[in-house]
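The values are calculated or read from the model by the stated rules, or taken from the named source; none is laboratory data. This structure is a prediction, so every number in the text was calculated from the model and none was measured. Glycine also receives a Cβ, built like all others from the backbone with ideal geometry; neighbour counts cover every protein chain displayed. Side chains included, ligands, DNA and RNA excluded: accessible areas come from the protein's heavy atoms. Shrake-Rupley method; radii C 1.70, N 1.55, O 1.52, S 1.80 Å.
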Amino acid sequence: MWDKSTHSRAGLDASVRYLRGVGEKRAKALENLDVFTIEDILFFFPRRYEDRRRLTPLEELRPGETVCAIADVLSLSLPEGPAPTSALLTDGHATVRAVWFNPHIHKILKPGVRVALWGRVEYYSGIQLSNPEFEILTDKPPRLIGHIVPIYPATAALPQSRIQKIVADALNTYADHLVDFLPEKIRVRYGMKGLQEAVCELHHPKDAESWLKARNRLAFDELFLLQTGLLLRRASAQAPSTSLVPGEKFKQFMAALPFPLTGAQQRAIDEILEDMQGDGMMNRLLQGDVGSGKTLVALAAILAAVDSGVQAALMVPTGILAQQHYMTLEKLLKPLGIRTGLLMGSLRPDERRNLLESLKAGKIQVLTGTHAVFSDSVDFARLGLAVVDEQHRFGVLQKNALIAKGTSPHVLVMTATPIPRTLILSVYGDLDVSLLNELPPGRKPIKTISLGPEEEGQLLTLIRDRARHGQQVYWVCPLIEDSEEGRTDLSSVSSCYERLSKLLPDISIEMLHGHLPMEEKASVMQRFAEGKTTLLVATVVIEVGMDVPNATLMIIEDAGQFGLAQLHQLRGRIGRGKAESLCVLLEGQGTTPDGHERVEAMLRLPDGFALAEADLEQRGPGEVCGVHQHGVTDFRVANLVRDRKILELARKEAQRLLQDDPALEREPLFRKELMRRLGKTLHLAGTA
Ligand code: ADP
Ligand code: MG
């Protein structure tokens, strides 16, 4: 006998091969659906349902509907040649014909039997049921109709009826082996269904209300486990850190700022300084729209670090951005007597050696760099603060690698574009969040329009007009060279550069893309920043970080090719100065419906927070901010667009639970389940 009190999960981890009716071939087919174990099968939920609870009297059949019916077979006509088998059916009030293209039907179906039917009504010189599924009725309740039927993602190798059978069998045998791990108090507080009941209900729902309760319970499970896991990870990362206090240089810098801080910047800086002065370690996410002034907030933190005698590192995702940030930092920090360095993969060996030596000796106080900062050969004398810009480009792991370089440095990560709150909570739920929800004053909203390929003349006029006013222009193309990656339908930087050079001979034009040597890139950028170049034709290398307030026109060719976050980033390169800015989205021949939808969203939504929500809806959490590699948002039931409320609740309950019981000692079942599901993904201590 199965003994529930042992809380064993007997059999659940076994392969699906142990299920009746599953051999090697079907096991393979299930693997293709990501189903490996018996537990996976129990959690392999229907994609949709068919409501087969209502019987339709035969006299009410209407073409186009899919219906359930019960009827007696009056007579059968055997197929002749290519004609289908047809049966005359009656329910006592009306008669109707059913036809099948299966020549063997008459071997199963005989006049006089009563059948349950499920099928589509068509009109074919009279009303008929076309190819209905049927079941000969006995004294047992019908399997085919009378309830809500789960429809699973089926494949050719694994037809619907087979999956339905396999899952139903698995539920019968194994559902009671599921151990409810959710803390009892929470289950009771919200009147939630038990785990076994919820799982069964989601496969074979009684009604809509009961289904909703079941799915919400399971969505809560997933979100609650994740929230608890993230909070645990954060607690374990709370090593004592050096307390960093702003001093002279910080004060000097702030006093010399040419503009007042925005209210949001001031709040964020206060929050950061408070974190860094405490005895814990800062683990904070700075979330703000493009152009909200994140760099300055980071600088404030960096200055506090320098004032406290430790080193700071600023990491960015691309070489171009690293150079740009380095130039900004040098300009601002050198006058204060602070020594800065730039580390990138493309340094010459001797340059690199010198740089690393100065870093190790503590001579460099602020290091800016790309991924190269992670490499093993990089040693800091005393790393006290790590700032990660455009966090979504890095994996979480790399951030950890950097942390390993200091004795638990304070960490500030910054997003490039807003990320929906639901995603922030699920992916960065172990970080505190500061919000820059205010742009510096005087910014004019950016106007966005879209043009078709035939309207180039208008563009040239726009460009000449900007040039006459001494303003600058970006022109972005998806490719570097023509027909790269076999795409002949997309524009490229090099051909666009050639064409525009001919069309606009009196305007200074340059190209920028990832294939240029590093020095070349730096000098192209420098000239554009100094206003010597009017038109910069570039790939998305300019996507993040470029800060040239004099640029007021952004043209994006084949705009539908880019993701929403990317488009928003690109648009954020303009609108940084006092002058009116314009973003022009060109839709080329190859625009897909999805691409067009993104362009439309850009025209409609000016702010990053709204776009981020639209992006989440269009692409799902895995794609937005590149989190798919972490796997933490691969939910089976929960959905970050729909389940906002449940997520907030899960967050609240996770905090409450850990407050009472920080090591989950009183909830061993829950703790075990958490480790089993997320221990590895989240690198939780105590993971086997
Ligand atoms: P992002 O948040 O996109 O990284 P940046 O830090 O690049 O934004 O800042 C965008 C521009 O706004 C920069 O030119 C910066 O100097 C300017 N800026 C930042 N803070 C303020 C402020 N409080 N008032 C006016 N301009 C500001
Ligand atoms: Mg920035």
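Remark: the range 232-280 carries a charge dipole of roughly 140 debye about the Cα centre, counting +1 on each Lys and Arg Cβ and -1 on each Asp and Glu Cβ. Pairs from the table (Lys294/Lys405; Lys444/Lys532; Lys334/Lys680; Lys334/Lys447) lying more than 32 angstrom apart at Cα are Lys334/Lys680; Lys334/Lys447. Taking 19 Å as the straight-line reach from the Cα of Lys645, the lysines in range (excluding those fewer than 8 positions away in the same chain) are Lys193, Lys213.
Under the classification rounded if a/c is under 1.5, otherwise prolate if a/b is larger than b/c and oblate if not, where does the range 568-617 fall, given a ≥ b ≥ c as square roots of the Cα gyration tensor eigenvalues? Oblate, since a/c reaches 1.5 and b/c is not below a/b. Modelled spin-label separation between Glu274 and Arg120, with each label point placed 7 Å from Cα along the Cα-to-Cβ direction: 6.2 nm.
Scanning residues 5 or more positions from Ile148 or on other chains, those with amide H under 5 Å from its amide H are Arg52, with H placed 1.01 Å from N in the peptide plane. The figure for Arg143 is an accessible area of roughly 150 square angstrom, using a 1.4 Å probe on the protein chains alone. Using C-alpha pairs below 8 Å separated by at least 6 residues, the relative contact order for the chain is 12 percent. Of the listed residues Glu197, Glu50, Glu351, the order by accessible area with a 1.4 Å probe, largest first, is Glu197, Glu351, Glu50. Packing-based ranking of 40-46, 281-287 yields 281-287, 40-46, ordered from highest to lowest mean Cβ neighbour count within 10 Å.
When the Cα gyration tensor is reduced to axis lengths a ≥ b ≥ c, the ratio a/c stays below 1.5 for the range 446-605, which is therefore classed as rounded. Where both bridge residues fall in the chain, DSSP classifies roughly 40% of the beta bridges as antiparallel. For helix 263-277, report the angle its Cα long axis makes with the longest principal axis of the Cα atoms of the chain; keep it between 0 and 90° and round to the nearest 10°. Orientation of helix 263-277: about 90 degrees from the principal axis.
Accessible area per residue (1.4 Å probe, heavy atoms of protein chains only) ranks Thr295, Thr368, Thr95 as Thr95, Thr295, Thr368, with the largest value leading. Surface composition of the range 1-154: carbon plus sulfur atoms hold 53% of the accessible area, using a 1.4 angstrom probe and ignoring ligands, DNA and RNA.
To the nearest whole percent, what portion of all C-alpha pairs in the chain is separated by more than 35 angstrom? Tail of the P(r) past 35 Å holds 57 percent of the pairs. By a 1.4 Å probe calculation restricted to protein chains, Tyr124 has an accessible surface near 150 Å², given to the nearest 10. Could you state how much accessible area His204 has, in square angstrom rounded to the nearest 10, with a 1.4 Å probe and all protein chains kept in place? Roughly 80 Å² of His204 is accessible to a 1.4 Å probe.
Cross-link partners among lysines for Lys165, C-alpha distance below 22 Å, same-chain residues fewer than 8 apart left out? Partners within reach: Lys25, Lys28, Lys140, Lys206. The relative contact order of the range 225-331 comes to 35 percent, based on Cα pairs under 8 Å that sit 6 or more residues apart.
Averaged over its residues, the range 452-534 has an accessible area of 52 Å² per residue, based on protein heavy atoms and a 1.4 Å probe.
Computed from Cα positions, the angle between helix 160-174 and the longest principal axis of the chain comes to roughly 90 degrees. For the range 321-342 and the range 137-207, what is the separation of their C-alpha centers, rounded to whole Å? Each part's Cα centre sits 61 Å from the other's. Working from Cα positions, state the angle (0 to 90°, nearest 10) between the long axis of helix 593-604 and the longest principal axis of the chain. Compared with the principal axis, the helix lies near 50 degrees. Using only side-chain charges placed at the Cβ, +1 for Lys and Arg and -1 for Asp and Glu, the dipole size of the chain relative to its Cα centre rounds to 1100 debye.
Backbone geometry of the range 43-58 corresponds, through the Karplus equation with coefficients 6.51, -1.76 and 1.60 at θ = phi - 60°, to 3J(HN,Hα) couplings of 9, 8, 8, x, 7, 7, 10, 10, 7, 10, 8, 9, 7, 9, x, 4 Hz, x marking Gly and Pro. Using a cutoff of 8 angstrom between alpha carbon atoms and counting only pairs six or more residues apart, the relative contact order for the range 248-436 works out to 33 percent. Restricting attention to the range 60-146, close to 90% of DSSP beta bridges with both partner residues there are antiparallel.
Here the range 248-436 is treated as a sphere whose radius is the Kirkwood value from Cα pairs; by Stokes-Einstein at 25 °C and 0.890 mPa s it diffuses with a coefficient of 148 µm²/s. The portion of the accessible surface of the range 248-436 made up by carbon and sulfur, rounded to a whole percent, is 52 (1.4 Å probe; DNA, RNA and ligands excluded). Candidates Gln618, Pro317, Leu129 compared by Cα position along the dipole of the chain: farthest toward the positive end lies Pro317, with charges placed on Cβ.
Modelled label positions at Ile151 and Ala256, each set 7 Å beyond Cα in the direction of Cβ, lie 6.8 nm from each other. By the rule of a C-alpha distance below 15 Å, with chain neighbours fewer than 8 residues away ignored, the aspartates and glutamates paired with Lys652 are Asp221, Glu222, Asp430, Asp432, Asp643, Asp660, Asp661. Sorting the Cα pairs of the range 60-146 by distance into bins of 5 Å, from 0 upward, gives 3, 15, 27, 27, 19, 7, 1, 0 percent per bin.
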